[in-house]
1. What number, rounded to the nearest 500 deg cm²/dmol, is the helix-based mean residue ellipticity at 222 nm of the chain, given -39500 (n - 2.57) per DSSP H run of at least four residues and division by all its residues?
2. Once you sort the root eigenvalues of the Cα gyration tensor of segment 105-165 as a ≥ b ≥ c, which label holds: rounded (a/c under 1.5), prolate (a/b larger than b/c) or oblate (the other case)?
3. At a Förster distance of 35 Å, what's the computed FRET efficiency of Val326 paired with Arg280, Cβ-Cβ distance as r, to 0.05?
4. What does the charge count around Ala85 come to, taking other residues whose C-beta lies under 11 Å from its C-beta (Lys +1, Arg +1, Asp -1, Glu -1)?
5. By count of other Cβ within 10 Å, fewest leading, how are Asp160, Asp74 ordered?
6. For Arg71 and Ser25 in one chain, what is 0.36 nm times their gap in residues minus the Cα-Cα distance, to one decimal in nm?
7. Give me the distance in nm between label points sitting 7 Å out from Cα along the Cα-to-Cβ direction at Glu17 and Asp144, one decimal.
8. Mind checking the full-extension length gain between His225 and Ala254? Use 0.36 nm per residue of separation minus the Cα-Cα distance, one decimal, nm.
Amino acid sequence: MGRLYLSPPDMSGSERERLVAAFDSNWITTLGAEVDGFEADVVEFTGAPAALALSSGTAALHLALVVAGVRTGDEVWVSSLTFAAPAFAVTYVGASLRFVDSETETWNMDPDLLADALERAAAEGRLPAAVIVVDLYGQAAQLDRIAEVCARYGVTMIEDAAEALGATWSGRHAGTWGRLGVYSFNGNKIITTGGGGMLVGDPELLERARHLSQQAREPVLHYEHRSVGFNYRMPNLSAAIGRGQLADLPAKIARRHEINAGYRAGLADLPLECMPWDDRGVPNGWLTLVVLGDEVDLDPHRCCVLLDEHDVEARPAWKPMHLQPVFEGVPTEGGAVAEAIFDRGLCLPSGSAMTDGDVDRVVAALRLALSQG
């Protein structure tokens with residue numbers, strides 16, 4: 001039996017054909033028909049007004065902050081329960097951070113906590129320049145409420161949907177609720193380009209981002225620059241892979257839903273609970289997580305070690321940003337919900353190429369691990 005990974009790439013076969021065609025065209029690096037086509041495909045799939053293919057999701061977050069006008073001395077509020085990329089991007093532009101805790105319905109940014117904090121900030125004359133809300137583990141945040149409260153105070157909302165391409169909230173795609181949105185195509189995401197990302201949203205801001213992503217070259221024959229730019233564009237070969245992957249995204253989402261249902265059924269009698277899926281949205285099922293009950297003596301880290309002995313990769317839930325040593329002392333709104341999820345949360349293999357037998361194997365390994373606790 002081979003090792004079961006959390007979320008390995010799942011190639012259907014059409015990616016190879018597209019990749020070879022792009023290779024034969026000799027458009028290998030940045031720009032080319034596949035890049036243009038991938039951007040158009042994402043616009044058509046998500047309903048975003050415009051899209052810009054980039055080298056990573058982190059690059060997209062960085063450019064989002066730059067074109068949104070965030071500068072040194074500004075403050076940006078970010079979901080605390082997340083991978084570090086959105087918080088790191090804020091430091092790239094010299095802004096300061098404030099973290100916001102999760103709620104229990106979706107595990108994403110708490111809109112009530114955000115509203116209370118923005119009300120206080122407005123009264124004190126210290127509103128943030130932007131709010132970055134993260135759609136965690138493939139499930140959208142309460143985006144309607146968060147968008148409303150940001151609009152109420154005139155704060156730019158940036159949606160980090162790196163993990164949530166294909167998910168929806170109230171029938172609208174994740175990534176399209178803010179002025180700008182971000183997707184990631186890293187190797188472990190629900191679709192991949194081997195590495196890459198996409199910035200979507202306001203067409204005017206995306207044109208500025210497009211210019212900056214190409215080293216801010218002015219449209220003249222010689223090399224002239226009036227702004228500091230970045231080398232952030234996606235290679236044509238990567239975009240070719242992405243187009244093949246995107247075409248199969250609905251099937252990948254459906255399979256991950258089946259895997260999630262298999263875990264829920266197979267683990268129903270154990271002292272744990274699966275991450276809640278709020279019925280106001282449809283997650284993409286990127287990862288299935290369980291929360292170990294208080295009666296389980298094992299912590300997630302020990303569970304990962306025991307599962308590894310059976311060639312099953314597992315990971316603890318994200319460690320909240322306000323607990324990270326690099327962000328020690330950063331002010332935080334709340335924090336207890338994110339801390340509780342990290343303390344007891346465990347990510348299970350969820351790749352769309354998993355078989356029902358693979359799911360049964362993970363269930364059996366987890367049962368054995370819990371019996372050893």
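1. So the calculated ellipticity at 222 nm is -12000 deg cm²/dmol.
2. In terms of gyration-tensor shape, prolate.
3. 0.55
4. On the way: positive: none; negative: Asp160, Glu163.
Charge balance in the 11 Å sphere: -2.
5. Ranked by crowding around the Cβ, least crowded first: Asp74, Asp160.
6. 12.5 nm
7. Taking the two extended label points, one gets 4.0 nm.
8. Values: separation 29, 0.36 × 29 = 10.44 nm, distance 4.66 nm.
Separation in residues times 0.36 nm, less the Cα-Cα distance, equals 5.8 nm.
Throughout, read-outs are computed from the coordinates displayed, never taken from laboratory work. This structure is a prediction, so every number in the text was calculated from the model and none was measured. Here Cβ is always computed from backbone atoms with ideal geometry, including for glycine, and neighbour counts include all displayed protein chains.
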